[in-house]
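Heads up: the structure comes next, in structure tokens.
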Amino acid sequence: MHTMTEAEFSTALRDAGLKATAPRRTVLRVLETRQHADAAAIFDEVLRDLPDTSLQAIYGVLSALTDVGLVRRIEPAGSPALYERRIGDNHHHVVCTQCGAVSDVDCVIGEAPCLTPSNTAGFAISTADVTFWGVCPDCQEQRA
């Protein structure tokens with residue numbers, strides 16, 4: 001993924017119909033390097049640049065960014081919501097059952113929605129959200 005500049009963050013925000021505020025630009029910058037981060041982790045990093053911000057403000061920013069499609073929210077079972085900048089490609093995730101590490105998994109079969117349900121109940125399917133569960137390499141090594 002291309003690392004965006006501050007100017008590109010501002011343009012992306014304005015193009016999505018949002019004001020290019022410092023908290024929004026900062027959250028986007030954090031998510032450039034911290035994929036699959038929860039709101040608390042994002043807040044901790046934002047505090048370095050914006051010490052007057054609040055966790056509630058970060059939740060508001062994440063909600064706005066998710067609503068306009070600049071950020072994707074995933075919710076693995078048993079985990080707080082996680083946020084990422086990789087959007088628009090219908091990729092999936094693998095989660096470690098021991099430490100909770102999350103990694104991306106490219107489309108399972110073909111193009112979006114990657115899977116064909118046995119019955120769509122009349123829905124026009126556009127995406128599939130698949131979570132694979134397993135043990136990450138670090139946890140496997142610790143077990144050995």
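The values are calculated or read from the model by the stated rules, or taken from the named source; none is laboratory data. Computed from a predicted structure; not experimentally measured. Cβ placement follows ideal geometry from the backbone for every residue including glycine, while neighbour counts extend to all protein chains displayed.
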Looking at Val102, Val108, which one is modelled with pLDDT under 95 and more than 18 Å from the chain's Cα centre (by Cα)? Val108
Take Leu47 and tell me if it is over 24 Å from Cys139 (Cα atoms) and either among the hydrophobic types (A, V, I, L, M, F, W, C) or out of contact with any Pro (no Cβ under 8 Å at 6 or more places or on another chain) (or both). yes
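Answer yes or no as to whether Leu62 is crowded, with 21+ Cβ neighbours inside 10 Å and hydrophobic (A, V, I, L, M, F, W, C).
Considered against the rule, which asks whether it is crowded, with 21+ Cβ neighbours inside 10 Å and hydrophobic (A, V, I, L, M, F, W, C), Leu62 comes out as yes.
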Within the range 28-48, considering residues that are surrounded by fewer than 16 Cβ atoms within 10 Å (Cβ to Cβ) and at pLDDT below 95, the one nearest to Ala101 (Cα to Cα): Thr33
Meets criteria (in a strand (DSSP E or B), hydrophobic (A, V, I, L, M, F, W, C), touching a residue at least 12 places away in the same chain (Cβ under 8 Å) and crowded, with 16+ Cβ neighbours inside 10 Å) for Val94: yes
When the residues of the range 20-65 are filtered to those that are among the acidic types (Asp, Glu) and over 15 Å from the mean Cα position of the chain (by Cα), which remaining residue is nearest to Thr5 (Cα to Cα)? Asp49
Glu75 passes all but one of the listed conditions (1) in contact with a strand residue (DSSP E or B) (Cβ under 9 Å, 6 or more places away or on another chain); (2) in contact (Cβ under 8 Å) with a residue 24 or more places away in the chain; the exception is number (2)
Considering only residues that are without any contact (Cβ under 8 Å) to a residue 40 or more places away in the chain and among the small types (Gly, Ala, Ser), which ones fall in the range 13-33? Ala20, Ala22
Taking the range 1-27 as the search range and keeping residues that are at pLDDT 95 or above and charged (D, E, K, R), which one is surrounded by the most Cβ atoms within 10 Å (Cβ to Cβ)? Arg24
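I'm trying to understand the selection: among the residues of the range 78-93, which are closer than 29 Å to Gln140 by Cα, within 15 Å of the chain's Cα centre (by Cα) and at pLDDT below 90?
Those that are closer than 29 Å to Gln140 by Cα, within 15 Å of the chain's Cα centre (by Cα) and at pLDDT below 90: Ser79, Asn90, His91, His92, His93.
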